[in-house]
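Structure, as structure tokens:
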Amino acid sequence: MEYSKQVTMLTNTMLELAAEALGLNSNHLKDMECADGLFLVGHYCPACPEPRLTLGTKIHTDPSFRTVRLQDQVGGFQVLHENQWVNVIPVPGALVINTGDLLQLVSNDIFKSAKHRALANHKGPRVSVASFFSPYIFSSSKLYGPVKELLSEENPPKYKEMTVRDYNALHQEKGLDGTSALQPFKL
């Protein structure tokens with residue numbers, strides 16, 4: 001419980017900073033309920049004797065506004081940067097923060113969702129905990145789209161509005177195939 005409380009406080013602070021970076025009131029993203037839902041996923045990947053023969057976790061983007069990842073010292077987490085896979089070297093006590101698809105949507109592509117993967121490793125086991133922050137998906141019929149204050153003739157909306165429930169259903173249906181579930185919502 002204490003971890004959930006602390007990671008939620010951190011995420012709320014990051015959302016305030018993201019809102020300010022977008023030129024919005026610091027509470028704008030929090031007021032949109034961007035982090036009202038928390039979904040925790042624990043990953044346990046045993047050592048793999050022949051890592052080159054298996055996939056690990058496929059390339060994907062996260063179905064959230066923000067993802068906070070606590071990882072051990074084994075490594076294997078990679079982010080795609082300028083068409084190159086970059087190892088995210090574990091740092092004791094550090095957290096890995098990902099921008100998710102929903103923050104890309106509401107920011108109208110100002111913030112980009114991070115494509116990433118986890119490689120199988122001969123060391124191990126590898127353990128991580130991912131905290132996915134988004135609105136409560138099961139009860140919300142609220143529409144999300146690019147924040148109106150960010151739009152202009154020079155910066156028209158790049159996405160149509162959608163519910164988080166519809167987005168998550170599409171994300172689940174398509175699976176981890178290396179593409180973003182935002183594609184069908186592009187204008």
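ALA18 passes every criterion in (1) open to solvent by less than 50 Å² (accessible area, probe 1.4 Å); (2) modelled with pLDDT under 95; (3) not charged (D, E, K, R) apart from (2).
Let's see how each residue does on (1) aliphatic (A, V, I, L, M); (2) farther than 19 Å from LYS123 by Cβ; (3) open to solvent by 70 Å² or more (accessible area, probe 1.4 Å):
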position: LYS58; (1), (2), (3): no, yes, yes
position: ASP62; (1), (2), (3): no, yes, no
position: THR67; (1), (2), (3): no, yes, no
position: LEU80; (1), (2), (3): yes, yes, no
position: TRP85; (1), (2), (3): no, no, yes
position: VAL88; (1), (2), (3): yes, no, no
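Criterion first (in contact with a helix residue (DSSP H, G or I) (Cβ under 9 Å, 6 or more places away or on another chain), surrounded by 17 or more Cβ atoms within 10 Å (Cβ to Cβ) and modelled with pLDDT under 95) does TYR159 satisfy it? Here the answer is no, as TYR159 does not meet what is asked.
Open to solvent by less than 60 Å² (accessible area, probe 1.4 Å) and part of a loop (DSSP other than H, G, I, E, B): which single residue out of ASN121, ASN98 fits that description? None of the other options fit; the residue is ASN121. Number of residues in segment 135-156 that are assigned to a helix (DSSP H, G or I) and open to solvent by less than 30 Å² (accessible area, probe 1.4 Å) equals 1.
Scanning segment 35-49 for residues that are open to solvent by 60 Å² or more (accessible area, probe 1.4 Å) and either hydrophobic (A, V, I, L, M, F, W, C) or in contact with a Pro (Cβ under 9 Å, 6 or more places away or on another chain) (or both) gives ASP36, LEU38, PHE39, LEU40, TYR44, PRO46.
Of the residues contained in segment 109-118, one or more are found to be at pLDDT 90 or above, among the hydroxyl-bearing types (Ser, Thr, Tyr) and either within 24 Å of LYS5 (Cα to Cα) or buried (at least 17 other Cβ atoms within 10 Å of the Cβ) (or both).
It is to be established whether one or more residues within segment 75-88 are closer than 19 Å to LEU40 by Cβ, in contact with a helix residue (DSSP H, G or I) (Cβ under 9 Å, 6 or more places away or on another chain) and modelled with pLDDT under 95. No, segment 75-88 contains no residue that is closer than 19 Å to LEU40 by Cβ, in contact with a helix residue (DSSP H, G or I) (Cβ under 9 Å, 6 or more places away or on another chain) and modelled with pLDDT under 95. Which of the residues belonging to segment 10-40 are in a helix (DSSP H, G or I), within 17 Å of the chain's Cα centre (by Cα) and of a type outside the set (Asp, Glu)? Listed by number, the residues that qualify are LEU10, THR11, ASN12, THR13, MET14, LEU15, LEU17, ALA18, ALA19, LEU29, LYS30. Taken over segment 54-95, the criterion of being more than 25 Å from LEU29 (Cβ to Cβ), among the aliphatic types (A, V, I, L, M) and in a strand (DSSP E or B) is satisfied by ILE59, VAL86.
Being open to solvent by 20 Å² or more (accessible area, probe 1.4 Å) and among the hydroxyl-bearing types (Ser, Thr, Tyr) is the filter; apply it to segment 164-180 and report the residue that is nearest to the chain's Cα centre (by Cα). The qualifying residue nearest to the chain's Cα centre (by Cα) is SER180. Scanning segment 18-47 for residues that are in contact with a Lys or Arg (Cβ under 9 Å, 6 or more places away or on another chain), in contact (Cβ under 8 Å) with a residue 12 or more places away in the chain and not acidic (Asp, Glu) yields ALA18, MET32, CYS34, ALA35, HIS43, TYR44, CYS45, PRO46, ALA47.
The values are calculated or read from the model by the stated rules, or taken from the named source; none is laboratory data. Note that the coordinates shown come from a computational prediction; the quantities given were computed from them, not determined experimentally. Backbone-built Cβ (ideal geometry, glycine too); neighbour counts: all protein chains shown. Protein only, heavy atoms only, side chains kept; ligands, DNA and RNA dropped before computing areas. Shrake-Rupley method; radii C 1.70, N 1.55, O 1.52, S 1.80 Å.
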